[in-house]
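Presented below is the structure to which this report refers.
The values are calculated or read from the model by the stated rules, or taken from the named source; none is laboratory data. Just so we're clear, the structure is a prediction, and the values are computed from it rather than from any experiment. Quick reminder, even Gly has a Cβ in these numbers, built from the backbone with ideal geometry, and neighbours come from all protein chains shown. For the accessible areas, the whole protein counts, side chains as well, though only heavy atoms, and no ligand, DNA or RNA atoms are used. Shrake-Rupley method; radii C 1.70, N 1.55, O 1.52, S 1.80 Å.
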Amino acid sequence: MSETAEKTVENHVFEADVARLLHLMVHSVYSDKDVFLRELISNAADACEKLRYEAITHPEMLGHDAQPHISLTLDEEARRIVVEDNGIGMSRGEMIESLGTIARSGTRAFMEMVEAAKGKDGAQLIGQFGVGFYSAFMVADKVDVVSRRAGSAEAWIWSSDGKGSYNIAEASAADAPKRGTRITLHLLEDAQKYTSRWNVEHIVKQQSGHVPVPIDLHEKPGAEAVRLTDGTALWTRSKSEISKEEYTDFYRSVAGQYDEPALTVHFRAEGRHEYTALAFIPSTPPFDLFDTDRKGRMKLYVKRVFITDDAELLPRYLRFVRGLVDTADLPLNVSREMIQESPLLAAIRKGVTNRVLTSIEKLAENEPESFAKLWETFGSVIKEGIYEDFERRQQLIALSRFRTTANEEPVRSLADYVKDMKDGQKAIYYLAGSSLAQLKASPQLEGFRARGIEVLLLTDPVDSFWVTTAPDFEGKPFRSITQGNADLADIQPLDAKEDKPKATADVDGFIAFAKSTLGDAVADVRASDRLTESPVCLVATEQGPDRQLEKILQGAGRMEQAAKPILEVNPDHALIAAIAAAPAGDEFRADAVQLLLDQARVLDGDKPADPRAFSERLARVFERALKS
Ligand code: ADP
Ligand code: MG
């Protein structure tokens, strides 16, 4: 007979709230029961932190066992898991108070939420909350807590099946830890997996890898300890003490990526809202960069305990940033709703976003080459912010870099662009399309090249959207060169050839003929000032989307009918002159005009509208050319 049995066992009934919470735990169908480990480990770590704090004034409390420590012991045969710490421990009164009542407002709030949600949803809520000690009853049908308060001669055992009452009795010295708490979970049949080393190791590393107390694992009672985590929360150390290698290791564990971070941002916010943030920008794109839910992946910690990676700590356009925010200003059992509504979260969001952006700006200033790489990798995502983050729009536009007709590397900023604008130039010109090669070959560029006017070459789908929502940069509006009038007349060509043969043909007559021939296929036919080499090009009308945006909208099924384009012709082009000069009634003229339209389509990266008609016309024109 063990000594414990001789001591008086008192039976206590749980406070009504606890009984309700327990009922919920036991009957929950919540699938992620792993969280019980996180809760027990975080309690153990808290107990170590409390001891650390009390020992400041009572150093004798530490005795010979000064190093805080948590150990897990698995017992597959007995189907048990033991969580033990050498922290502050609990007295008898503290056990009754802490494990028999709900003293915490957070748990009470949780209960109310659950009551309000009722039934099935209640189970869902468990996953979103820190549910505390009672979560042990999700996996165990009996829980024993043996604890000795630091500095106390007596130890107590608390024991319950979670069904309404608990027993409390004095524990024998042999059965109790020298200091701290040992919690034994008698696991339910379907919780056998918590006696598997591999499984527990994985859960602990993932959920509690950065708890500030080292954690050891014993595969079975008496087995040698394996260290799971060393108890240093990297981000709590000061920047100057952390090596690049340590940051990289940590980045890899937190990001699940195996590259080097391109940028590391580590800071502590002080004042009204206190938190520590450690954020990394990867050097290669994460696999889920273009997932449709486009969620941020920053983790939220409360006092070094992982809470959630779903708190949207950063705006979507910074979703490639990995890392965490740790704050002591939220309760551990904070709910998703509480997180979302907390003014602290808003402050964190703002603070971390600002720091990440200013760090990128600094990189741009001090290490343009590293920045260029970063921009190449994530620029297309950051640009989403130009239309999603109204407050930072100008900042993001200024940060953006572009390929232009002046430099095909994406290195030109809009400040560079504006500085180099031509006399008389009023707008920032852009050409959007799907590939650089196609853009460079665009006839629409010719008149701009001839005048030395720089044109942004935009190849990201997102570009077509932000350019239409961003009203201007430094007072200069954005203008698509495939839309409306080019308005180039005011700007002098670089080498204005006085002796250039002026068009002699009847251009007006030709245009009238082309209009009647093409009919409904175009909105208009007109002479162009943006062409120098090519005979024709297509542009969009002043209203509505430009050529590229129209293609994107159509591709996404958001524009039913293609808008009719305007066919612009180059009055100085020999081909136009030749067609214009051909005698009226020559059927070759109609074929030629149709072919011109298809040619303009091809130059735009499209196909002829009617491939068969196109090929027949082409054959007729060839034949005639070869015969004559
Ligand atoms: P919380 O940790 O948010 O306070 P819990 O339900 O997890 O809520 O734990 C309730 C209380 O039980 C704790 O506040 C603490 O006082 C006590 N407790 C639980 N585990 C331990 C432990 N290992 N050592 C000391 N006290 C503990
Ligand atoms: Mg707790």
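Structure summary
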quantity: Simple spin-label estimate for Ser413 and Lys476 in nanometres, 7 Å along Cα-Cβ; calculated: 1.4 nm
quantity: Span from the segment 375-444 Cα centroid across to the segment 151-205 one, whole angstrom; calculated: 62 Å
quantity: Residue among Ala262, His218, Ser240 farthest towards the positive dipole end of the chain, charges placed on Cβ; calculated: Ala262
quantity: Accessible area in the full protein assembly, largest first, 1.4 Å probe, for Thr541, Thr181; calculated: Thr541, Thr181
quantity: Reach of Lys515 by Cα under 16 Å, taken over lysines that are not fewer than 8 positions away in the same chain; calculated: Lys564
quantity: Pairwise FRET efficiency - Ala153 versus Ala556, Cβ, R0 = 56 Å, nearest 0.05; calculated: 0.15
quantity: Accessible carbon and sulfur surface of the chain relative to its total accessible area, %, 1.4 Å; calculated: 50 percent
quantity: Given Lys244/Lys362; Lys476/Lys551; Lys50/Lys244; Lys440/Lys551, the pairs whose alpha carbons are separated by over 24 Å; calculated: Lys476/Lys551; Lys50/Lys244
quantity: Residue order for Arg558, Arg322, Arg92 - accessible surface, 1.4 angstrom probe, largest first; calculated: Arg558, Arg92, Arg322
quantity: Neighbour net charge for Asp310 - beta-carbon separation under 10 angstrom, K R +1, D E -1; calculated: +2
quantity: Cα convex hull volume per residue for the chain (Å³); calculated: 209 Å³
quantity: Counted charge near Arg451, where neighbours are those whose Cβ lies closer than 12 Å (Asp, Glu -1; Lys, Arg +1); calculated: -4
quantity: Inter-site label distance for Glu189 and Glu245 at 7 Å from Cα along Cβ, in nm; calculated: 5.1 nm
quantity: 3J(HN,Hα) from dihedral phi, segment 594-599, Karplus parametrisation 6.51/-1.76/1.60, rounded to Hz, x for glycine, proline; calculated: 4, 5, 4, 5, 5, 4
quantity: For Leu188, distant residues with modelled amide H under 5 Å away; calculated: Ala140, Asp141
